[in-house]
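**Student:** This structure is in C-alpha cells; I'll ask about it shortly.
The numbers here are math on the coordinates, done by the rules we state, and not lab data. Worth saying up front: this structure is predicted, and the values here are computed from it rather than measured. Backbone-built Cβ (ideal geometry, glycine too); neighbour counts: all protein chains shown.
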Amino acid sequence: MKKVLLIALTAGFVGCGAQKNVENANPMEYANTITPDELKDHLYIFASDDFEGKDTGEPGQKKAAEYLRKEFKNLGLTSPEGVANYYQEIPSEFFDGKFKDTENVVAFIEGGEKAEEILVITSHYDHVGIDNEGNIYNGADDGGSGPVAILEMAEAFAEAKKDGYTPKRSILFIELTGEEKGLLGSKYYTENPIFPLENTVANLNMDMIGRIDEKHTGNDNYVYLIGSDRLSTDLHEVSEQVNNEFMNMDLDYTYNDENDPNRFYYRSDHYNFAKNNIPVIFYFNGVHKDYHQPTDTAEKIEYEALAKRAKLVFLTAWEIANRDERLVVDKAE
Ligand SMILES: [Zn+2]
C-alpha cells in the first residue's frame, strides 16, 4: 500500500513538473528567449498579404486569429475557463451590425499562489483592411508588432513554467480585435470580463512597438511610456526599477503629459482598463510616415528595437505577477 502510494505520488509529481520557488528564477534568462529573429519570423507571416489587412470581422482577420490561437496552443497555454477554444466571441450585434462577428483571442497562465489576481497583457491584432484601389494595409507596426510580441512573451512565461517557475499571479493574454473601429475589442472585454475587473491588478498594452520615430533616429533603445503614474505610484516605480535593473532603456514620457495634444492616453485599448481604475502602461514607439498607410510593412520593422521593448514588457509583467504585494491604486482617474 505504502509503495503504491509512493509511486502514485512520484508519477503525479513528474506529470506536473517540479514546482520551484519563482523568486529563485532569473527572469532575464526567460526574457532572452524573446529574439529579433523569432519576432521577425512571426511578423513576416502575420503582416503578409495573405491576412488582407486584418480588417475586423473579415476573412483576413479570421486567418490572423487562427494563427494566434494555434501559436498559443503550441506553447501549451490554456483557454481560460468559460471560453471555448481561445476565442472570446463578439457578436455583430455588439457593433449594431456595422461589423461582422469577430473575436478577442485569449490565452491563460494560472498563477501558483494568488491565482485569483490577474495581470492582463494586451495588444490589438486588427488593422484597416484593403482600400478601394486594392491596396492592402498590412499593419506590421500597427496591429502586428504588439500581437507577435505577445506570442514571444507567452513563450517566455511558458518556458519558465516548464522549468517549474509558475508565476504567483495569473496572466491573461488578450489579442484584441476592433481597435481601429474605436477600441471595441477592449470595450467588449471590460464590459464582459472573463475574470472580475476588481481582481485585475494591471494592464500592460502594446500598440506600435516595432519602429523608430524621427526624434529617436539611430536609437533603438527607447520606448514611450504612457499612463504608468496615472493610477498607481507602485506601478510607475516597478516599471522604472525593472528598467534600471535589466534593460536601461530610455523611457520617454513626452506623451504622458496630460496636456499633450496627441492625447495618446485615450487612443488605445489600455484606456478601457484605466476607465475601470485598473493601472495601465501603454508602450508605444511614436508615429512615423507609414502610420495607417499600405507601406506599414514587415521589412520596415526594427527587430532589435521590437525585441528590447518586448523584453521590457515581459520583465515588468514578471515583477507585477510575482511581487509580494498587489499594486496599490492610490490615485483617481
Ligand atoms: Zn491604427
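**Student:** Using 0.36 nm per residue of separation minus the Cα-Cα distance, give me the extension gain between residue 214 and residue 116 in nm, one decimal. Working shown, then result.
**Tutor:** On the way: separation 98, 0.36 × 98 = 35.28 nm, distance 4.26 nm.
Taking 0.36 nm per residue and subtracting the Cα distance, the gain is 31.0 nm.
**Student:** Let me ask you something else. Taking only DSSP H segments of four or more residues, each worth -39500 (n - 2.57), what value at 222 nm results for the chain once the sum is divided by all its residues, to the nearest 500 deg cm²/dmol? If you can, show how the numbers build up before the last one.
**Tutor:** Details: 9 runs with 108 residues, N = 333.
Taken over the chain, the calculation gives -10000 deg cm²/dmol.
**Student:** Could you pull out every residue, at least 5 positions away or on a different chain, whose amide H is within less than 5 Å of the one on residue 117? Hs are placed 1.01 Å off N in the peptide plane, and Pro or chain starts have none.
**Tutor:** 170
**Student:** While we're looking at this one, here's another question. What percent do you get for the relative contact order of the chain when only Cα pairs under 8 Å and 6+ apart count?
**Tutor:** Details: 673 pairs, mean separation 77.2, N = 333.
Dividing the mean separation by the residue count of the chain yields 23 percent.
**Student:** Now a separate question. Quick one: if you take sqrt(5λ) for each eigenvalue of the C-alpha gyration tensor of the stretch 15-77, what semi-axes come out, biggest first, whole angstrom? Let's see the in-between values first.
**Tutor:** Details: eigenvalues 206, 49, 15 Å².
After diagonalising the Cα gyration tensor, the semi-axes are 32, 16, 9 Å.
**Student:** Quick one: compute a quarter of the convex hull surface over the Cα atoms of the stretch 67-226 and quote it in nm². If you can, show how the numbers build up before the last one.
**Tutor:** Details: hull surface 45.8 nm².
Projected area, direction-averaged: 11.4 nm².
**Student:** Residues in the stretch 126-151 near a label at residue 293, defined as backbone nitrogen under 19 Å from the 7 Å Cα→Cβ point?
**Tutor:** Label zone hits: 127-145.
**Student:** Now for a different question. Simple spin-label model, 7 Å along Cα-to-Cβ: residue 81 to residue 250 in nm?
**Tutor:** It works out to 4.8 nm between the two label points.
**Student:** Moving on to the next point. From the gyration tensor of the Cα coordinates in the stretch 22-322, what semi-axes in whole Å does the equivalent ellipsoid have, largest first, with each one equal to sqrt(5λ)? Could the numbers behind the result be given before it?
**Tutor:** Values: eigenvalues 131, 101, 74 Å².
Taking √(5λ) for each Cα gyration eigenvalue gives 26, 23, 19 Å.
**Student:** Hey, another quick one. Would you kindly state how much longer the chain becomes between residue 192 and residue 333 on full extension, computed as 0.36 nm times their sequence separation minus their alpha carbon distance, in nm to one decimal?
**Tutor:** Working: separation 141, 0.36 × 141 = 50.76 nm, distance 2.09 nm.
Taking residue 192 through residue 333 to full extension adds about 48.7 nm, to one decimal.
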